[in-house]
Amino acid sequence: VGDLPDSSLVSVRLADNRRLCVAAPAYLERFGKPSHPTELARFDCLTLSSDASQTRGWAFSIANGPEREVIHFKPGGPLDCSDGQVLHDWCLAGYGIAWRSIWEVEAEIAQGALVAVLDEFAAPPNGIYAVVPQRKHLPLRVRLWIDHLKQHYGTPGFWQVL
């Protein structure tokens, strides 16, 4: 998930990965709701400390005159971890705001357990990829599996869009 750093590997985009900031309603009742990404510095942000994820920070799309530009914000907060499930649980428990993929939080948003914030600043989606060592000599079963994943996850209605 995300952009592949420079490497000799080959990636095949399977689907879009939309990310958004979410928080538990109880957290937002206690601390309020940010109205702009620059306000996140005043909130408890729950971050992944893994080198493999969120290396540039959280991405937002900000108006710059008639254009929009993507900016990255490296949040800080009292809690960080290297496990996305732990971070998800902290967010549900009301410990702060997290930046998560829609597929990780859509059920909780639909149930009202989490609330999307700063949605109007959501950056364009990055990708979900299958990564292979090379295109040539790829076994047929692997090519068919990638085609299946692409068809399944790339279907516009598969990922619920809020």
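The values are calculated or read from the model by the stated rules, or taken from the named source; none is laboratory data. Bear in mind that the values here come from a model prediction, so they are computed numbers and not experimental data. Because the Cβ atoms are built from the backbone with ideal geometry, glycine has one as well, and the counts that use them run over all protein chains shown. When the accessible area is computed, the model is the full protein with side chains, heavy atoms only, and any ligands, DNA or RNA have been set aside. Shrake-Rupley method; radii C 1.70, N 1.55, O 1.52, S 1.80 Å.
Here are the numbers:
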| read-out | value |
| --- | --- |
| Region 34-50: number of residues that are without any contact (Cβ under 8 Å) to a residue 60 or more places away in the chain, open to solvent by 40 Å² or more (accessible area, probe 1.4 Å) and not small (Gly, Ala, Ser) | 4 |
| Subset of region 59-110 that is under 15 Å from residue 22 (Cα atoms) and of a type in the set (Phe, Trp, Tyr) - its residue that is surrounded by the fewest Cβ atoms within 10 Å (Cβ to Cβ) | 103 |
| Count - residues of region 51-68 that are assigned to a loop (DSSP other than H, G, I, E, B) and at pLDDT 85 or above | 1 |
| Members of region 9-33 that are open to solvent by less than 10 Å² (accessible area, probe 1.4 Å), at pLDDT 90 or above and not hydroxyl-bearing (Ser, Thr, Tyr) | 20, 21, 22, 23, 24 |
